[in-house]
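The values are calculated or read from the model by the stated rules, or taken from the named source; none is laboratory data. Just so it is clear, the model here is predicted, and its values are computed rather than measured. FYI the Cβ positions are ideal-geometry reconstructions off the backbone, even for glycines, and counts take in every protein chain you see. For the accessible areas, the whole protein counts, side chains as well, though only heavy atoms, and no ligand, DNA or RNA atoms are used. Shrake-Rupley method; radii C 1.70, N 1.55, O 1.52, S 1.80 Å.
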Amino acid sequence: MQAVDAEPDPAPGGDEPFPLSAETNCTQEDAARNLVPPAFSELPGIHLLYLQTVLQNIFKRETQEDAAARLADGYDLIEVTTGLPLPTYPKPARTLVTARRRLGLNVDHYIEKQPSCHICSKFYTFEQMSALPSASCIVSRCKGIIWGIKRNGAGVEKRVARKIQSYTPFLKSVARCLLRPDFVQHLHCSSERKAGRPPLRDDEQMHDFHDGLAYGQLELGIERIKLADGAVADVKTHRGAEPLRLVSAKRALSLGLYADWFGVISGRPHSCGAVYIVFNDLDRSVRFLQRNVLLLMNIAGPKEPSLEEMNHLLEPFVKEVNTLQRGVRFDVHGQLEPEDFFGDIKLRVFDVMGAHKCEGAVSHAHKTHMCNFCHATHAEINLPSGYDVENFRMCDDFEQLAFAWRSRDATSVRARKHILDEGGSRWTEFMAIPGWMPVSRAALDYMHNFYLGITKNLFMDFLVNGYLFNKKMWDQFDTIMVSIKWPSGIGHLPTNLGENHSLPKADQWRHWLNIQPTMLWLCWRDSDDRISRTAPDIPGNAKSTPTFLRNLKEIYDIFLYASIAERILASESISMEEVHCGHRYLRRCCEEMLRLGIHLVPNHNLAMHYPDFFRLFGPVYAWWLYAQERFNGEQERVNHNGKAGGETELTLLRNWVGKHRFYELLTSLPEAALPQEHAMVERIAKASGIVRGTLLNQLAWFAAGVTILKSKSVKKFANLRKLPPYVYSLLLDFAHRTWPDTQIADNFNCDPTAITFAADHCACKLPFISKGGAHYGSVADNCTDADRIACVNFADSRSPCRVLYHFELTVGNYTPVICSIVEHLQADDRIPAFPWSMYSTDLGVYVTYAERYQSPEVIMSTQLAAAVAVIPFTSKVLGEAHLLWAVHSFDRTGIEGNDDWFNDLAEELDANIPADD
């Protein structure tokens with residue numbers, strides 16, 4: 001990167017002030033510097049009536065007419081009971097729309113709606129639309145239409161937009177977030193995280209995005225220019241010899257940009273593109289909760305936009321990012337004075353198609369520039385050189401930028417295509433952002449690439465299209481699938497996968513990866529429990545004849561390598577040594593597929609760049625698209641009328657913004673709010689599933705970092721005398737070990753200085769607990785037999801155990817402790833080795849005797865490590881008399897917990913709620 005210094009000065013250091021100051025003021029008037037709705041400046045009875053009316057509309061589907069009648073009746077009651085006339089200023093709201101506005105639920109105030117061309121998506125203002133001489137788009141060669149004519153009953157004509165593109169102004173949304181106490185509480189300072197810390201060694205664990213190299217790379221005080229020779233450079237605009245890093249700012253916002261498309265209308269193809277913004281500086285426990293994620297826009301369908309259309313759509317956001325780079329002054333909750341914030345996009349993750357639209361990359365079908373990270377050609381996907389990672393020729397950021405700027409300046413389609421074929425890069429509006437690097441700071445989504453790409457291809461190319469299962473094997477496959485006991489918290493695979501060979505969700509392919517070593521062995525084994533090399537005969541009615549080498553033993557190894565790679569790479573925390581280890585298995589998987597003659601696809605080659613993504617952005621959970629896919633699913637649940645022209649997308653956006661405003665109302669009821677209002681909000685929230693317990697408890701769990709949640713229905717101590725005798729003695733011994741400096745005596749204590757461990761007043765029996773998003777049941781739970789088996793971490797190993805009891809122990813004035821009584825599942829040397837045995841630790845697969853357990857012991861419940869799936873089977877070597885279990889651990893590695901209370905708002909702010917005037 002080239003640098004220019006007009007007036008060289010020493011770099012800022014020590015306690016010197018930050019050399020840049022905000023250029024834009026986004027502060028608000030005094031009355032708007034908090035989230036208190038204006039309704040609470042009115043009479044208590046009136047804002048209580050507003051709240052009753054709006055909540056009845058939201059949750060009871062009360063119509064606008066009923067709401068107006070409720071308001072009128074309420075005012076009559078107020079006048080009769082007080083004996084006073086209604087206030088004249090402000091005049092009480094008479095309509096639902098006004099009441100919502102007074103309560104701060106005026107969602108359209110936070111959404112910009114702009115007419116756009118129905119073909120190229122170019123934005124117009126309503127004033128521009130009214131002034132256009134014709135309905136045609138003004139973009140050269142575009143045949144799109146901007147407006148149509150609508151006539152009212154009197155025959156008066158009015159121009160209406162043919163297509164509306166809605167957008168939530170980014171800086172305006174950030175300003176609202178910074179007024180929320182919980183948001184500010186969880187917003188960590190970038191400079192504190194990176195101050196003086198060297199890059200992690202390869203053997204050190206990366207726990208979050210800020211452990212990657214990208215977190216400290218972005219610079220401020222730079223401008224992107226095109227030089228006379230056509231090259232592109234980022235030049236410094238601040239005074240100082242050293243680069244000015246974003247992490248050095250007192251207040252910095254590190255942003256993550258995600259874009260994904262989903263179907264929104266059933267019965268006909270209609271693709272909607274959601275663009276999300278995530279705040280990387282938020283604590284990991286709340287970063288991907290819906291209330292903390294901004295939905296910039298839902299790109300109107302029905303078709304996915306081209307790159308040129310995306311450029312029109314992204315233009316407003318790019319301008320706001322440039323503004324944030326130069327600094328914006330915001331009001332902050334708890335601060336008397338506004339503060340300067342600087343920010344930039346540090347993380348961008350797309351699937352392959354999204355990368356073409358947002359990174360300017362060429363299509364993955366291009367013969368020369370298939371990959372936007374290296375110079376691998378399309379032909380090399382099926383050559384050894386496509387997996388020779390050490391000799392990859394990586395693309396250069398500024399070379400790609402130079403090609404992109406040439407493409408922008410080209411005056412014809414033919415010229416742009418020539419540039420694309422030559423350099424593999426096209427212009428995208430993001431490339432105007434200083435510091436935006438199309439190669440070195442982008443990531444390909446792991447979820448789409450590995451689960452929906454590589455894993456699905458393995459299943460379909462080998463098992464289905466390769467005819468490696470005959471009818472008998474598919475029947476056996478379904479029989480085994482029915483017998484599996486799945487963890488309750490992750491769902492399960494369909495039991496007819498043998499008939500319907502498709503899984504629509506990435507999570508399902510992930511579950512299949514977990515169990516495939518056992519499933520394939522059970523279907524392919526011979527009478528000696530070995531996998532034969534001979535594959536089943538190809539059926540006579542086969543649509544095509546497989547051309548690859550159908551050696552079952554070698555193919556099994558390929559599936560095994562894929563499972564091992566996934567288990568390592570999808571860890572919640574990971575070191576670069578572990579990344580390279582997992583990547584070696586994935587690379588070996590691809591190389592073996594090549595050797596057998598399987599046709600590989602771009603996903604396989606693109607996966608060879610995983611180590612670069614991990615080094616930049618940390619563990620995969622910090623940058624895969626699982627949370628965004630869940631957000632898409634939440635949007636699909638919203639009621640809408642299915643109208644085209646951007647109306648459906650606007651409804652979904654209103655729903656999202658409305659949830660944010662409603663959350664602000666829930667968490668920011670002012671001191672002026674009546675006790676009845678607090679009670680009403682909590683009562684309706686509980687009844688509709690918005691909160692479990694209370695909202696304050698939810699926030700307290702996040703703030704305290706609590707990882708174990710217990711059933712709230714248990715409030716009494718259990719009588720341990722009514723349980724098996726070993727329970728009391730085990731718990732007493734556990735209490736001695738937990739509080740070694742305290743004298744704890746049994747029921748027969750006569751020492752007044754000792755604490756009595758009373759059998760009927762020391763332990764609450766819990767039927768189940770939740771830890772890290774996983775559910776752990778127990779034998780003591782009479783309601784269900786689910787989740788009684790779990791993996792437990794011990795001092796030097798992890799073992800599958802049966803959970804007998806969960807207890808919350810209370811001893812003296814000490815903080816209560818949650819513990820569990822467990823039994824190890826039995827295993828011994830008579831159990832034979834299996835094809836995966838050498839890798840069982842990496843795979844998290846344990847083989848034990850079924851329903852055979854060792855002596856019970858007490859553990860801290862924090863030692864519960866993973867929910868498990870149990871596959872019952874018998875070994876032909878050991879004999880039918882010995883039933884075995886293959887226990888597969890399902891570690892919850894990185895899929896962020898659902899914001900359940902928030903998502904369960906469900907349909908409260910959808911198309912049935914009227915738009916604001």
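Values as computed for the structure displayed
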quantity: Residue match in the stretch 380-388 (condition: surrounded by 16 or more Cβ atoms within 10 Å (Cβ to Cβ), out of contact with any Pro (no Cβ under 7 Å at 6 or more places or on another chain) and more than 17 Å from residue 609 (Cβ to Cβ)); calculated: yes
quantity: Test: residue in the stretch 19-35 that is part of a loop (DSSP other than H, G, I, E, B) and modelled with pLDDT of 80 or more; calculated: no
quantity: Matching option when the condition is assigned to a helix (DSSP H, G or I), closer than 25 Å to residue 304 by Cβ and without any contact (Cβ under 8 Å) to a residue 24 or more places away in the chain, among 403, 450, 430; calculated: 403
quantity: Scan of the stretch 59-111 for residues that are open to solvent by 30 Å² or more (accessible area, probe 1.4 Å), over 23 Å from residue 666 (Cα atoms) and of a type in the set (Phe, Trp, Tyr), ordered by number; calculated: 89
quantity: Test: residue in the stretch 158-165 that is touching a His at 6+ places or on another chain (Cβ under 8 Å), surrounded by 13 or more Cβ atoms within 10 Å (Cβ to Cβ) and farther than 28 Å from residue 621 by Cα; calculated: yes
quantity: Pair list, Cβ < 7 Å and 6+ apart or interchain, from the stretch 795-816 residues that are assigned to a loop (DSSP other than H, G, I, E, B) to residues that are aliphatic (A, V, I, L, M); calculated: 811/735; 811/744; 811/755; 812/755; 816/809
quantity: Identity of the residue in the stretch 255-279, more than 23 Å from residue 360 (Cβ to Cβ) and not hydrophobic (A, V, I, L, M, F, W, C), that ends up least open to solvent (accessible area, probe 1.4 Å); calculated: 270
quantity: Verdict on residue 56 being within 19 Å of residue 670 (Cα to Cα) and open to solvent by 20 Å² or more (accessible area, probe 1.4 Å); calculated: no
quantity: Count - residues of the stretch 715-729 that are at pLDDT below 90 and either open to solvent by less than 40 Å² (accessible area, probe 1.4 Å) or outside the structural domain of residue 808 (by the TED database) (or both); calculated: 0
quantity: Residue in the stretch 645-666 that is open to solvent by 10 Å² or more (accessible area, probe 1.4 Å), assigned to a loop (DSSP other than H, G, I, E, B) and more than 17 Å from residue 39 (Cβ to Cβ) present; calculated: yes
quantity: Any hit, the stretch 475-483, residues being open to solvent by 10 Å² or more (accessible area, probe 1.4 Å) and either assigned to a loop (DSSP other than H, G, I, E, B) or more than 30 Å from residue 784 (Cβ to Cβ) (or both); calculated: no
quantity: Filter result for the condition that a residue is of a type in the set (Val, Ile, Thr), closer than 24 Å to residue 169 by Cα and out of contact with any strand residue (DSSP E or B) (no Cβ under 6 Å at 6 or more places or on another chain), over 88, 53, 82, 98; calculated: 98
quantity: Flag if residue 239 is basic (Lys, Arg) and at pLDDT 90 or above; calculated: no
quantity: Members of the stretch 867-880 found to be surrounded by 17 or more Cβ atoms within 10 Å (Cβ to Cβ) and closer than 15 Å to residue 825 by Cα, listed by number; calculated: 867, 868, 869, 870, 871
quantity: Criterion violated by residue 206 - all others in (1) over 17 Å from residue 345 (Cβ atoms); (2) open to solvent by 60 Å² or more (accessible area, probe 1.4 Å); (3) within 25 Å of the chain's Cα centre (by Cα) satisfied; calculated: (2)
quantity: Residue selected from the stretch 246-267 under the condition of a type in the set (Val, Ile, Thr) and in a loop (DSSP other than H, G, I, E, B), by the criterion farthest from the chain's Cα centre (by Cα); calculated: 265
quantity: Among residues of the stretch 423-456, those that are open to solvent by 40 Å² or more (accessible area, probe 1.4 Å) and either in contact with a Cys (Cβ under 7 Å, 6 or more places away or on another chain) or polar (S, T, N, Q) (or both), counted; calculated: 1
quantity: Some residue of the stretch 828-838 being part of a strand (DSSP E or B) and touching a residue at least 24 places away in the same chain (Cβ under 8 Å); calculated: no
quantity: Residue within the stretch 676-699 that is farther than 30 Å from residue 105 by Cα and at pLDDT 70 or above present; calculated: no
quantity: Meets criteria (modelled with pLDDT of 75 or more and surrounded by fewer than 21 Cβ atoms within 10 Å (Cβ to Cβ)) for residue 639; calculated: yes
quantity: Residue match in the stretch 517-530 (condition: open to solvent by less than 20 Å² (accessible area, probe 1.4 Å), closer than 28 Å to residue 384 by Cα and out of contact with any Leu (no Cβ under 8 Å at 6 or more places or on another chain)); calculated: yes
quantity: Inter-residue pairs, beta-carbon under 8 Å, first closer than 19 Å to residue 459 by Cβ and in the stretch 520-548, second exposed (fewer than 10 other Cβ atoms within 10 Å of the Cβ), 6+ apart; calculated: 538/545
quantity: Contacts under 9 angstrom Cβ, first residue in the stretch 853-869 being more than 12 Å from residue 821 (Cα to Cα) and in a strand (DSSP E or B), partner aromatic (Phe, Trp, Tyr) and open to solvent by less than 10 Å² (accessible area, probe 1.4 Å), 6 or more apart; calculated: 867/776
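Yes or no, residue by residue, for (1) among the acidic types (Asp, Glu); (2) buried (at least 22 other Cβ atoms within 10 Å of the Cβ); (3) outside the structural domain of residue 842 (by the TED database):
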| position | (1), (2), (3) |
| --- | --- |
| 546 | no, no, yes |
| 549 | no, no, yes |
| 562 | no, yes, yes |
| 569 | no, yes, yes |
| 572 | yes, no, yes |
| 577 | yes, no, yes |
| 585 | no, no, yes |
| 594 | no, no, yes |
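Table: residues versus (1) open to solvent by 50 Å² or more (accessible area, probe 1.4 Å); (2) outside the structural domain of residue 317 (by the TED database); (3) among the hydrophobic types (A, V, I, L, M, F, W, C).
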{"residue": "120", "(1), (2), (3)": "no, yes, yes"}
{"residue": "123", "(1), (2), (3)": "no, yes, yes"}
{"residue": "128", "(1), (2), (3)": "yes, yes, no"}
{"residue": "131", "(1), (2), (3)": "yes, yes, yes"}
{"residue": "142", "(1), (2), (3)": "no, yes, yes"}
{"residue": "146", "(1), (2), (3)": "no, yes, yes"}
{"residue": "149", "(1), (2), (3)": "yes, yes, yes"}
{"residue": "156", "(1), (2), (3)": "yes, yes, yes"}
